[in-house]
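Everything on this sheet refers to the single structure shown next.
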Amino acid sequence: MGVDWKVCQLCEETYPDCGPTQFCEGCKTTFCGYCKEAEIGETCPLCRYEMVTPDAVLAWAIVKYKLPPKKELEELYRKDMLAKETSDETQ
Ligand SMILES: [Zn+2]
Ligand SMILES: [Zn+2]
C-alpha cells in the first residue's frame with residue numbers, strides 16, 4: 001500500500017492521492033488541493049474554457065500534430081493569404 005502520486009493538470013505539480021484534492025463536476029477530473037489558478041468551484045477553468053486560448057491551442061497543436069514552429073506557420077499563413085489576394089484579383 002503506497003501513496004499514489006498524480007500530476008495536477010492545471011499547475012502540473014505532483015500531489016498525493018490521499019492529500020487535499022479538488023474535484024471538477026464538469027470533466028470528472030481531480031486536481032491538487034493547492035491550485036491557486038484553479039479556483040475550482042463547480043467546474044474547473046478547462047471546463048469554463050478559460051484555458052482554451054488561441055495561443056494555448058496552437059502551442060498544443062504544434063506538439064500534438066508535429067506542426068512546424070509558430071514562426072514558420074505564421075510565414076506560411078502570410079504567404080497563403082497573399083496568394084489568395086492575388087488569385088481573387090484575377091477572378
Ligand atoms: Zn472540468
Ligand atoms: Zn494544481
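Remarks
- Filtered by the rule that a residue be more than 10 Å from ligand 2 (Cβ to nearest atom) and either modelled with pLDDT of 90 or more or small (Gly, Ala, Ser) (or both), the range 7-17 gives a lone residue, Pro16.
- Looking only at the range 55-91, and only at residues there that are over 22 Å from the mean Cα position of the chain (by Cα) and aliphatic (A, V, I, L, M), the one that is nearest to Cys8 (Cα to Cα): Leu76
- Any hit, the range 20-31, residues being away from ligand 1 (no atom under 12 Å from the Cβ) and of a type in the set (Phe, Trp, Tyr): no
- The sole residue among Cys27, Cys35 that is out of contact with any Pro (no Cβ under 7 Å at 6 or more places or on another chain) and within 8 Å of ligand 2 (Cβ to nearest atom) is Cys35.
- The range 32-54 - residue that is more than 10 Å from ligand 1 (Cβ to nearest atom) and closer than 16 Å to Tyr15 by Cα and, of those, surrounded by the fewest Cβ atoms within 10 Å (Cβ to Cβ): Lys36
The values are calculated or read from the model by the stated rules, or taken from the named source; none is laboratory data. Just so it is clear, the structure is predicted and the values come from calculations on it, not from any experiment. A quick note on method: Cβ atoms are made from the backbone with ideal geometry, for glycine too, and the neighbour counts reach across all protein chains shown.
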